[in-house]
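What follows is a set of notes on a single structure, which appears directly below.
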Amino acid sequence: MKILGIGNAIVDVICKVSEDFINKNNLNKGTMKLIFDEIEFKKLLSSLKIEKTVSGGSIANSIVGLSQLGNDVGFIGKVSNDELGQKYEDGLKSENVNYLYSKKKESLPTGTCLILITPDSERTMCTFLGIAGKINEKDINVKAIQESEMIFLEGYLWDKGDPQKAFDLAINNAKKTAMSLSDQFCVDRHKTHFYELVKNVLDITFSNEQEIKSLINTNSFDDVISFGKQINKHLVITRGSNGAIAIKNKVVTEQPAAKNLELVDLTGAGDLFAAGYLHGELNNFSVQKSLEQGTILSSRIIQILGARL
């Protein structure tokens, strides 16, 4: 197998909403809010018109993108043996993803993410993780990891306790490890651990500009470049309208953003960028060519609804 993703197994529920809905529900536009109360989550969902549902989660989106580009891929993510869990598994299998998790009836339901799209195409997410975040060492298929060229981990999933042990087991058995920092909220919450991972453990780190700046406590992108060269790791950073850069072997490679796009929905832009870039990395493309692939995929995804090409 070329690549095995490990991440939150989340059913994406995509809905179009007004700015008023965001304000009324005290949501912070463009961010991800974790909801811990199942009743609160169901109440929010009941007032919405569902456009579509997809087997989502950040790394799962990337893995599906890699599958669509012809790579042999797998995914480990925890669901419950319920209706949404079955939908999740069927959705990934229909995209030719090897789903390497045996679901069983759990104390919590399968995770769900409400993706609320406002008229300006920005997406605000409300996530009820359910069982997804309760991953542990027993859920990790060590044999599949050892037989993969690379694993791709999700920052959203990292947490102290069982998830950290699951990550450690995966990393210790992997030939090569990539990880996405996922969200500034995750970076701020786990800054010490993420810094250690980026500096000393991961082979490739995916981040956006805000996340990496937060990680090293700076407002200056020059500091980010210096940090990347200093640790001599492979960093891939998306910068919105400023394009993307990669820092590898202390060399900085830049890629401009695509122009004149018809923005529909920013969901999955980072996930599909990572898919394109990793496609290049796994198939021995140059860094520049990998950045181009990432940019092509992310610019295509933001012109349609949802995180599937």
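Select, from Ala178, Ala166, the only residue that is more than 30 Å from Ala257 (Cβ to Cβ), modelled with pLDDT of 95 or more and either of a type in the set (A, V, I, L, M) or surrounded by 22 or more Cβ atoms within 10 Å (Cβ to Cβ) (or both).
Working: Ala178 fails: more than 30 Å from Ala257 (Cβ to Cβ).
Answer to the check: Ala166.
Scan the range 140-159 and tell me whether some residue there is more than 18 Å from Asp12 (Cβ to Cβ), aliphatic (A, V, I, L, M), free of Cβ contacts under 8 Å to residues at least 40 places away in the same chain and not in a loop (DSSP other than H, G, I, E, B). Yes. Among the residues of the range 35-65, those that are of a type in the set (A, V, I, L, M) and within 20 Å of Asn208 (Cα to Cα) comprise Ile59, Ala60, Ile63. Would you point out the residue of the range 254-292, among those that are assigned to a helix (DSSP H, G or I) and without any contact (Cβ under 8 Å) to a residue 24 or more places away in the chain, that is farthest from Ser62 (Cα to Cα)? Restricting to residues being assigned to a helix (DSSP H, G or I) and without any contact (Cβ under 8 Å) to a residue 24 or more places away in the chain, the top hit is Lys289. Within the range 166-217, the set of residues being assigned to a helix (DSSP H, G or I), within 14 Å of Lys233 (Cα to Cα) and among the charged types (D, E, K, R) comprises Glu196, Lys199.
Annotation note: of Leu108, Leu100, Leu84, the sole residue that is modelled with pLDDT under 95, hydrophobic (A, V, I, L, M, F, W, C) and over 30 Å from Leu263 (Cα atoms) is Leu108. For the residues Lys103, Lys160, the requirement of being surrounded by fewer than 21 Cβ atoms within 10 Å (Cβ to Cβ) and closer than 25 Å to Ile212 by Cβ singles out Lys160. Where strands (runs of 3 or more DSSP E) fall entirely within the range 1-115, those with at least 1 residues that are more than 27 Å from Lys165 (Cβ to Cβ) are at 10-16, 50-56.
Of the residues making up the range 90-100, those that are surrounded by 19 or more Cβ atoms within 10 Å (Cβ to Cβ) and over 25 Å from Val142 (Cβ atoms) number 1.
Scanning the range 225-249 for residues that are assigned to a helix (DSSP H, G or I) and surrounded by fewer than 21 Cβ atoms within 10 Å (Cβ to Cβ) gives Ile225, Ser226, Phe227, Lys229, Gln230, Ile231, Gly240, Ser241, Asn242.
Just to be sure before I move on: is Ile204 among the β-branched types (Val, Ile, Thr) and either buried (at least 21 other Cβ atoms within 10 Å of the Cβ) or under 17 Å from the mean Cα position of the chain (by Cα) (or both) in the structure I sent?
yes
Which one of these is polar (S, T, N, Q) and farther than 28 Å from Lys138 by Cα: Ser47, Ser67, Ser58? Break it down into steps so the answer makes sense when it comes.
On the way: Ser67 fails: farther than 28 Å from Lys138 by Cα; Ser58 fails: farther than 28 Å from Lys138 by Cα.
Answer to the selection: Ser47.
Just checking, does the range 145-152 include any residue being modelled with pLDDT under 95 and among the polar types (S, T, N, Q)?
From the range 145-152, those modelled with pLDDT under 95 are none; that's our starting set.
Within the range 145-152, none of the residues are modelled with pLDDT under 95 and among the polar types (S, T, N, Q).
The values are calculated or read from the model by the stated rules, or taken from the named source; none is laboratory data. Source: prediction; values computed, not measured. Positions of Cβ are backbone-derived with ideal geometry, glycine not excepted, and every protein chain shown enters the neighbour counts.
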